[in-house]
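Beneath this line is the structure, given in C-alpha cells, with notes to follow.
The values are calculated or read from the model by the stated rules, or taken from the named source; none is laboratory data. None of the values given here were measured: they were computed from a predicted structure. Neighbour counts run over all protein chains shown; Cβ positions are idealised from the backbone, glycine included. SASA here: full protein model, heavy atoms, side chains in, ligands and nucleic acids out. Shrake-Rupley method; radii C 1.70, N 1.55, O 1.52, S 1.80 Å.
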Amino acid sequence: MKQEEVPQDHLPYYQSGRKAIYAVDGEGHFGTVPSSGWSVEDAVTAAAAGEYARQAQDALARARRGETSPLEYHLSDRRLDVAQLAQSARLSACRVRRHFRPQVFARLSSSRLSRYADALGLSPEALRGLPPPEGP
Amino acid sequence: MIIASFRHRHAGHCESGVTSTLLTHFGMPISEPMALGLSSSLTFAHLPFVKVGGFPITAYRMLPGNVYKGLRKPLGLRMHLQRFRDADEAMRVLDGHLAAGRPVGIQASVFWLPYFPPEMRFHFNAHNLVVYGRDGNDYLVSDPVFDLPQRCAAEALRKSRFTQGAFAPRGLLYYPVGFDPGFALQPAVRRAVRKTVNMMLRAPLPIVGIRAMRGLAKRLRALPRQRPDPRYQRLFLGNIVRMQEEIGTGGGGFRFMYAAFLQEAGETLAQEQLLDASRQMTSVGDLWRQFALEAAQFTRDKPGASLAGASDRLLEAAAAEEAVYRGLAAY
C-alpha cells in the first residue's frame with residue numbers, strides 16, 4: 001500500500017482520532033500514516049455492533065412480554081454472550097441460561113444478583129429493571 | 001504526578017506498540033515492526049471450535065503476550081510481569097511504579113475504557129497500554145493505537161484491568177528490567193524469520209498457517225450450504241475482516257507491518273533477500289485488503305459481492321503469502 005492509498009474515509013466515530021497504518025512512500029520506504037478510517041472497517045464493525053443491538057431489542061421485547069428476564073436484555077446490551085457472562089460471574093453457562101426464566105430470575109439471591117451486576121457494570125436495581133419504553 | 005521523560009508513540013498495534021514504546025523509554029530503541037518481527041508474532045490462525053459471540057476466532061498474530069515474551073531470547077529481554085488477585089493492590093502497585101518514575105505496560109479490556117468511542121468498544125480483554133502518570137483521579141494513558149495520549153478515570157481503569165473471561169488480564173502489569181543492548185541482529189532476524197516461516201508452512205494442524213487460509217477459503221465456499229441464513233454468513237465473514245482491519249493491525253492484518261520489519265532488517269544488514277521479501281509481503285498485504293473489500297461489500301449486501309468471490313480473494317492472498325515464505329525458507 002502506498003501512502004496516498006491509505007484510506008481517509010473520515011469515519012464519524014474516529015472524531016479527531018487517527019489510526020496508524022503502515023504504507024510505503026515514493027521511494028518504497030515504510031512508515032506509518034495517520035488514517036481517519038476505512039469504510040470497510042466501518043461496515044464490518046457496524047454489522048457486529050448491529051447484531052448485538054438486534055439481539056438486545058429482541059430480548060427487550062420478550063422481557064416486556066414476560067417471556068424472558070431482564071438479564072438476557074442487559075447481556076446483549078453490554079455486547080456479551082452467555083459464555084462470557086458465565087465466566088465473568090463465575091457460573092456455568094446452563095445456570096446463566098436458566099436465569100433467563102423470569103420466575104427463576106425474580107428469586108435470585110442478592111449476592112448472585114450483585115455478581116451479575118458487577119460483571120455487567122450495572123447497579124443491581126438497574127439489572128432488575130428494563131429501559132423505559134420509547135416514544136410519546 | 002507525570003513521568004516527563006516519557007514519549008507517547010502512535011503505533012499500528014497495541015502490544016507491539018507498547019513493547020516498542022516501553023523498550024525505547026528504558027533505553028533500548030526498537031521500532032514497532034522490529035518488535036513484531038523479532039518476536040515472530042505474525043501468524044494466521046482460524047479456530048473453528050473456539051467461538052466468541054457465536055463466531056469462530058480468526059487471528060493474524062500470535063496469542064496475547066507473544067510480543068514481549070518472544071523478545072526474551074533475541075534481545076536478552078527480561079520483563080517484570082505481575083498479576084494480581086486483589087484489584088486494590090493492583091492499583092496501589094501501579095501508583096507505586098508511577099511514584100518511582102516508572103511507566104508500566106498494563107493489560108486491559110477495551111470495553112471498559114471510556115476513551116474508546118462506543119462504536120469500537122467490544123469485549124476484548126487483551127488490549128495493552130502504557131500508564132505514565134496520574135492527575136488527581138485520572139490516569140495518564142499512552143494507548144499506542146491512539147495518536148494522542150489519553151486520560152482514564154481510576155474506577156474505569158480498575159474495572160478494565162479486572163474483567164473476567166478469555167485472556168482475563170488479572171491486573172497484569174509489566175516493564176522491562178534488563179536487556180542486552182549489544183545483541184546481534186543477524187542471528188536474531190534469522191531465527192525469528194525461520195520460526196515464522198516454519199509456523200506458516202509446516203504447522204502440524206491445518207488451523208494455523210497457509211493451510212488454515214486455504215481451509216477457511218474452502219469453508220467460505222461451503223457456507224451457503226452449511227448455514228443458509230444470509231445474516232449469519234454476513235456476520236461470519238465480517239468477523240474475519242474485523243480481526244484483520246478493525247483491531248489495530250497497521251492495515252492488511254499485520255502484513256504491512258511485517259513487510260516494514262523485513263525492510264528495516266534488510267537495510268540494516270544490507271541483505272537484498274530480505275528487501276525482496278519485504279516488497280513481496282507488501283503486495284500480500286494489498287491482496288488481504290482486496291479480500292477485506294470484497295467481504296465488506298458482501299456484508300453490505302452489495303450486488304456482485306459473494307462468498308465465492310471472497311473465498312477466491314483469500315486463496316490469492318494465501319498463494320502470494322506462501323511464495324514469500326518459500327523464498328525465505330532458504331534464508
Being facing chain A (nearest Cβ under 9 Å) and either open to solvent by 10 Å² or more (accessible area, probe 1.4 Å) or in contact with a Cys (Cβ under 8 Å, 6 or more places away or on another chain) (or both) is the filter here; which residues of the range B:247-265 pass it?
B:GLY248, B:GLN263, B:GLU264
Matching residues in the range B:1-30 - criterion: being in contact with a Gly (Cβ under 7 Å, 6 or more places away or on another chain) and either away from chain A (no Cβ under 14 Å) or not in a helix (DSSP H, G or I) (or both)
B:MET1, B:ILE2, B:ILE3, B:ARG9, B:ALA11, B:GLY12, B:HIS13, B:LEU22
Which condition number in (1) under 25 Å from A:LEU122 (Cα atoms); (2) open to solvent by 20 Å² or more (accessible area, probe 1.4 Å) is the one that B:GLY171 fails?
(2)
Entirely in the range B:67-170, the helices (runs of 4 or more DSSP H) that have 1 or more residues that are within 12 Å of chain A (Cβ to nearest Cβ):
B:87-99, B:154-161
Considering (1) at pLDDT below 95; (2) farther than 17 Å from B:LYS159 by Cβ; (3) in a helix (DSSP H, G or I), say which one A:LEU85 fails and leave the rest.
(2)
Please indicate, with yes or no, whether at least one residue in the range B:189-199 is closer than 22 Å to B:ILE247 by Cβ and within 23 Å of the chain's Cα centre (by Cα).
yes
Failed condition for B:THR282, given (1) open to solvent by less than 10 Å² (accessible area, probe 1.4 Å); (2) more than 30 Å from B:LYS51 (Cα to Cα); (3) under 19 Å from the mean Cα position of the chain (by Cα), with all others met?
(1)
Condition test on B:LEU129, is it over 20 Å from B:PHE6 (Cα atoms) and surrounded by 23 or more Cβ atoms within 10 Å (Cβ to Cβ)?
no
Filter result for A:VAL33 (under 18 Å from B:TRP288 (Cα atoms) and out of contact with any Asp or Glu (no Cβ under 6 Å at 6 or more places or on another chain)):
no
Within the range B:1-21, which residues are under 12 Å from B:VAL131 (Cα atoms) and among the charged types (D, E, K, R)?
B:ARG7
When (1) surrounded by 19 or more Cβ atoms within 10 Å (Cβ to Cβ); (2) aliphatic (A, V, I, L, M); (3) more than 8 Å from chain B (Cβ to nearest Cβ) are applied to A:ALA53, the one that fails is (1)
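Yes or no, residue by residue, for (1) open to solvent by 30 Å² or more (accessible area, probe 1.4 Å); (2) part of a helix (DSSP H, G or I); (3) not β-branched (Val, Ile, Thr):
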residue: B:PHE183; (1), (2), (3): yes, no, yes
residue: B:GLN186; (1), (2), (3): yes, yes, yes
residue: B:VAL197; (1), (2), (3): no, yes, no
residue: B:MET200; (1), (2), (3): no, yes, yes
residue: B:ARG214; (1), (2), (3): yes, yes, yes
residue: B:LYS218; (1), (2), (3): yes, yes, yes
Restricting the search to the range A:56-73, which residues are without any contact (Cβ under 8 Å) to a residue 40 or more places away in the chain, open to solvent by 10 Å² or more (accessible area, probe 1.4 Å) and hydrophobic (A, V, I, L, M, F, W, C)?
A:ALA61
Of all the residues that make up the range A:88-107, how many are under 12 Å from A:LEU75 (Cα atoms), in a helix (DSSP H, G or I) and modelled with pLDDT of 95 or more?
2
Step by step: first the residues of the range A:74-106, then only those that are open to solvent by 20 Å² or more (accessible area, probe 1.4 Å) and either in contact (Cβ under 8 Å) with a residue 40 or more places away in the chain or of a type in the set (Val, Ile, Thr) (or both), then the one that is farthest from the other protein chains (Cβ to nearest Cβ). Which residue is that?
A:VAL82
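Output the residues belonging to the range A:1-40 that are of a type in the set (S, T, N, Q), open to solvent by 20 Å² or more (accessible area, probe 1.4 Å), assigned to a loop (DSSP other than H, G, I, E, B) and touching a Leu at 6+ places or on another chain (Cβ under 9 Å).
Result: A:SER16, single match.
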